[in-house]
Amino acid sequence: MSTPLLATKLYCPPPQSNSVLRHRLIAQLNGGLQCNLTLIAAPAGFGKTTLLSQWLATSARPTAWLTLDDSDSEPTRFLVYLLAAMQAVVPQLGGGVMAALLAPQPPPPAATVTALINELAALQHPITLVLDDYHRVDSRPVDQAISLLLAHQPPQLHLVIATREDSQLPLARLRAKRQLSELRVADLRFTPAETADLLRRAAGLGLSTEVVTALERRTEGWAAGLQLAALSLRGQQDAASFLRSFSGSHRFVLDYLLEEVLQQQ
């Protein structure tokens, strides 16, 4: 790999100052540390990255972060970034492994992962590794590398994967062994109480329970839809009347879907 690493791929986004702190989901993430893998799987706009940034802001556990993109489907590039993310929190980890990966003839992914597992097993403290936007990776060798890591995962490592779709990882086997903690759409939907909190923070609105419940049902607790509804409410003279007419055809929702969903297909 001859191109320099993009440092911002290794940064966890800071939590937004006006975001709703989702205590129930943070508690679930903390409980999931007893498993090998935490999987957060939901379509665009359900607040996966925002939730992770909130959680990590409350955690004292060293956490490596990697935001993936399409180019990370190349196995060696993926492993270089994976190791760079871990070295950001454990600098002494995998120096020889990184040198081998950057050589003209890098070792096979399985050999790299095996060496990394051995070094992780020697750590004196636990770490968490977050792979955000894992759906951007379309590579069987990468899936196999992560599957190998999960199959022989040392207790020092907890893996978190945020994705829009399930991958070819051994989720059923982990689920059967109770080594998988999952947050999916049903978990990530905003409750009426969270919806009311979001509207207060984003638009300064204190609405009736009836109106808030109607909006939560109309958007099905979709975080992006609620944010867009709050954006649309600014300047509205009759917020309750506007909310009753809010739907997926609203122009802000359509803009979001075109940018974040349809253009990814």
Task: Scan of the stretch 122-149 for residues that are crowded, with 20+ Cβ neighbours inside 10 Å, of a type in the set (A, V, I, L, M) and part of a helix (DSSP H, G or I), ordered by number - done: V142, A145, I146, L149
Open item on the list: I'd like to check something: does the stretch 174-184 contain any residue that is among the acidic types (D, E), open to solvent by less than 30 Å² (accessible area, probe 1.4 Å) and within 30 Å of T128 (Cβ to Cβ)?
Closed with: no
- [ ] Would you mind listing the helices (runs of 4 or more DSSP H) fully within the stretch 1-109 where at least 3 residues are closer than 30 Å to A176 by Cβ?
- [x] 23-31, 48-57, 75-87
Task: Unique residue being among the small types (G, A, S), out of contact with any helix residue (DSSP H, G or I) (no Cβ under 9 Å at 6 or more places or on another chain) and modelled with pLDDT under 85 when the list is G235, G206 - done: G235
Task: V113 being part of a loop (DSSP other than H, G, I, E, B), out of contact with any strand residue (DSSP E or B) (no Cβ under 6 Å at 6 or more places or on another chain) and modelled with pLDDT of 95 or more - done: no
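The values are calculated or read from the model by the stated rules, or taken from the named source; none is laboratory data. Small disclaimer: the values here were computed from a predicted structure and weren't measured. Here the Cβ is made from the backbone with ideal geometry for all residues, glycine too, and neighbour counts use every protein chain on show. Remember, those area values only see protein heavy atoms, side chains included, never the ligands or the DNA or RNA. Shrake-Rupley method; radii C 1.70, N 1.55, O 1.52, S 1.80 Å.
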